[in-house]
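Let me begin by presenting the structure, written as structure tokens, before commenting on it.
The values are calculated or read from the model by the stated rules, or taken from the named source; none is laboratory data. These figures come from a predicted structure and were not determined experimentally. No Cβ is skipped: glycine too gets one built from the backbone with ideal geometry, and neighbour counts run over all protein chains shown.
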Amino acid sequence: MIKKNLRKNKLIDGAFIVTISIIITKILGILYVIPFYSIIGEKGGALYSYAYTIYTFFMSIAVSGIPLAISKLVSEYQTLGYYRSKVQVFRIAKILSFTLGFFIFLLLYFLSPVISKMIIGKAGGGNSLNDIVWSIRIISFAIIIVPLLSVYRGYFDGHRFMNPPSISQVLEQLFRVMIILLGCFLSIKLISIKSSNLVYISLIAVSIGAIVSYLYLVYQMKKNSRKFYEKIRDVGEPIISNTIMLKKLLVYSIPFIMIDFFKGIFNYIDMFTVIKGLTKYSLYSSADAEVIFSIMSTWSSKFHMILLAFTSGICLSLIPNLTESIVKKNNKSIQSNINQSFSILAFIIFPMTMGISFLAKPIWYLFYGNSIYGPSILSYSIFIGLFFSFFYLIMNILQVYKGFRYIFICLILGIIFKVLFNIRLMISFSNVHLASYHGAITASIIGFILCIFFGIIVLRKKYNILFENILKNIVDILCGSIFMIFGLCILKLFIPISSSIRIYNLFIIIIYSSFGTFLYFLYGKYTKLISSIFGNNICQVIKKSFIRS
């Protein structure tokens, strides 16, 4: 049983297992919004967006860096044979993450009134100040447990044991969704329940899901403890002080924190500029501006998470494998891992992005019902997920190479552009009679593109990473995606793209998705694109990975 559960995974194998688990969690996260959103409405959705945007921003400080840093350090020490050091860094990381999480919890809990006033200002007609305050306070409790949970996941990932952390993610989302659905059931039975109370229940569910996931990983670690102490090599291990270990952990964590902090800053810029910009320059009402912001920040971004699921899976598998290759100075393996990661990511998310954009209307009507702004925002904002995925992969590679200053320069470049042009682009779009909120989306897209180009230049010139094969594959993938969309346009002549009857949109999505997938893989097989990226035995690799997962 131990050998089956804690089998070490290589790049494609590990990426497949992690990605499948993340996709399951994202599907669960998307499916629950059908009853949830229909009950809380757009006003409740805005309240949920306020709390969750703030939560994800502060979680980027408390969580994002530590698990990936742990994964990198554990993989490095495991390769060198420093077995005592990997246990030492795990213990230090637990203390650090809990302390940081508890501090941020206190900060959010007591400063929630100030934050709430900053969000809505003097605007009226939307959620009350008190509702926003309590939504922030309730979700802040999750920040106590989630950082500790992330450390355990990073420790498993560093050993390339992908199954337990993957299962823990599914458990976390499953329990969260169950509690939210229970809240929806109670709201149906108890008609008098307020939408704000249902939002509070959904925010409490974040903490409960994290606790269940944490207990599962603790159990798995105790059950399989001897597997973590297996020695691959016997070397004279140096003594590393706690101070040096803590410093190294922080140095490795900071770039990862900066990456998630960067995306959080983009959302924060939108939160403090979109509502005010729409009401001041585009003559939207406060209520409509709240709805638009909630769609941009929370409800449309649910579909971005599908794209990021693949990126996260690839990165979590890439980091320990790439770290091992760098420690061993295996340049051929380094180039192969990076080339394959870029190509696999592009192969998956290019057609998915274009497909979601094409089917934005039936997708939105299926999950959220009729909306004035929803389909328009989703069809364009989904490209933020596309470019952020490549940005995230590049930044993770730079972190493994310890290119910290390049990451910092890259992030500052993107933030400066977003700050300077968010309002300007909104005004410009409004002046040419386009949706002004698309200007804010454009600012995010261009910001990520600037970061991507800068990162590629650094990897090419500083670390001698070649992108010729990657570029060729991406061009072929783009052609295949365009071929797919062309086929869907022809299909549109015979089958309507959306329906006013909600359930019919499900069948429309299935038909279009199936036909588009068939066309895309037909192109990939005919042009030998699939075999050039995955190899000739891709079916056997997927089958073995699926059995292990």
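Scanning the stretch 105-121 for residues that are at pLDDT below 85 and more than 10 Å from ILE136 (Cα to Cα) yields LYS117, MET118, ILE119, ILE120, GLY121.
Taking the stated definitions as given, is ILE269 buried (at least 17 other Cβ atoms within 10 Å of the Cβ), assigned to a helix (DSSP H, G or I) and not hydroxyl-bearing (Ser, Thr, Tyr)?
Yes, satisfied.
Looking at the stretch 451-466, which of its residues are without any contact (Cβ under 8 Å) to a residue 40 or more places away in the chain and either buried (at least 16 other Cβ atoms within 10 Å of the Cβ) or closer than 17 Å to ILE384 by Cα (or both)? If the condition is that a residue be without any contact (Cβ under 8 Å) to a residue 40 or more places away in the chain and either buried (at least 16 other Cβ atoms within 10 Å of the Cβ) or closer than 17 Å to ILE384 by Cα (or both), then PHE453 is the only one that fits. Of the candidates GLY369, GLY385, GLY403, the single residue that is surrounded by fewer than 22 Cβ atoms within 10 Å (Cβ to Cβ) and within 30 Å of PHE36 (Cα to Cα) is GLY369. Among the residues making up the stretch 69-101, those that are basic (Lys, Arg) and at pLDDT below 85 are LYS72, ARG84, LYS86. When SER196 is tested against (1) hydroxyl-bearing (Ser, Thr, Tyr); (2) over 24 Å from SER135 (Cα atoms); (3) buried (at least 17 other Cβ atoms within 10 Å of the Cβ); (4) at pLDDT below 80, just one condition goes unmet, and that condition is (2).
Among the residues of the stretch 483-507, those identified as among the aliphatic types (A, V, I, L, M), under 29 Å from the mean Cα position of the chain (by Cα) and at pLDDT 95 or above are MET484, ILE485, LEU488.
Considering the stretch 282-305, the residues that are of a type in the set (Phe, Trp, Tyr) and crowded, with 24+ Cβ neighbours inside 10 Å include one that is nearest to the chain's Cα centre (by Cα), namely TRP299.
Summed over the stretch 275-302, residues that are outside any helix (DSSP H, G or I) and hydroxyl-bearing (Ser, Thr, Tyr) total 4. Residues of the stretch 203-254 that are crowded, with 17+ Cβ neighbours inside 10 Å, in contact (Cβ under 8 Å) with a residue 40 or more places away in the chain and in contact with a Lys or Arg (Cβ under 8 Å, 6 or more places away or on another chain): VAL206, LEU217, TYR252. Among the candidates SER341, SER333, the residue that is crowded, with 23+ Cβ neighbours inside 10 Å, in a helix (DSSP H, G or I) and among the small types (Gly, Ala, Ser) is uniquely SER341.
Does at least one position in the stretch 484-500 carry a residue that is within 27 Å of ILE409 (Cβ to Cβ), of a type in the set (A, V, I, L, M, F, W, C) and assigned to a helix (DSSP H, G or I)? Among the residues of the stretch 484-500, not one is within 27 Å of ILE409 (Cβ to Cβ), of a type in the set (A, V, I, L, M, F, W, C) and assigned to a helix (DSSP H, G or I), which makes the answer no.
Residues of the stretch 409-444 that are within 23 Å of LYS280 (Cβ to Cβ), among the β-branched types (Val, Ile, Thr) and not in a loop (DSSP other than H, G, I, E, B): ILE415, ILE416, VAL419, ILE423, ILE427, ILE441, THR442. Taking the listed residues PHE404, PHE391, PHE417, PHE358, the one that is under 17 Å from LEU450 (Cβ atoms) and over 18 Å from the mean Cα position of the chain (by Cα) is PHE417, with no other qualifying. Scanning the stretch 513-532 for residues that are within 15 Å of PHE358 (Cα to Cα) and hydroxyl-bearing (Ser, Thr, Tyr) yields a count of 4. Contact map, the stretch 319-331: residues that are touching a residue at least 12 places away in the same chain (Cβ under 8 Å) paired with residues that are in a loop (DSSP other than H, G, I, E, B), Cβ distance under 6 Å, separation 6+ or inter-chain. Pairs shown: PRO320/ARG160. Of everything in the stretch 426-441 that's hydrophobic (A, V, I, L, M, F, W, C) and under 14 Å from SER297 (Cα atoms), which residue is farthest from the chain's Cα centre (by Cα)? Across the stretch 426-441, the extreme among qualifying residues is ALA440.
Against the list (1) closer than 21 Å to THR279 by Cα; (2) surrounded by fewer than 21 Cβ atoms within 10 Å (Cβ to Cβ); (3) among the aliphatic types (A, V, I, L, M), the condition LEU413 fails is (1). Restricting attention to the stretch 249-289, which residues are touching a Gly at 6+ places or on another chain (Cβ under 6 Å) and polar (S, T, N, Q)? Hits for the stretch 249-289 are SER253, SER286.
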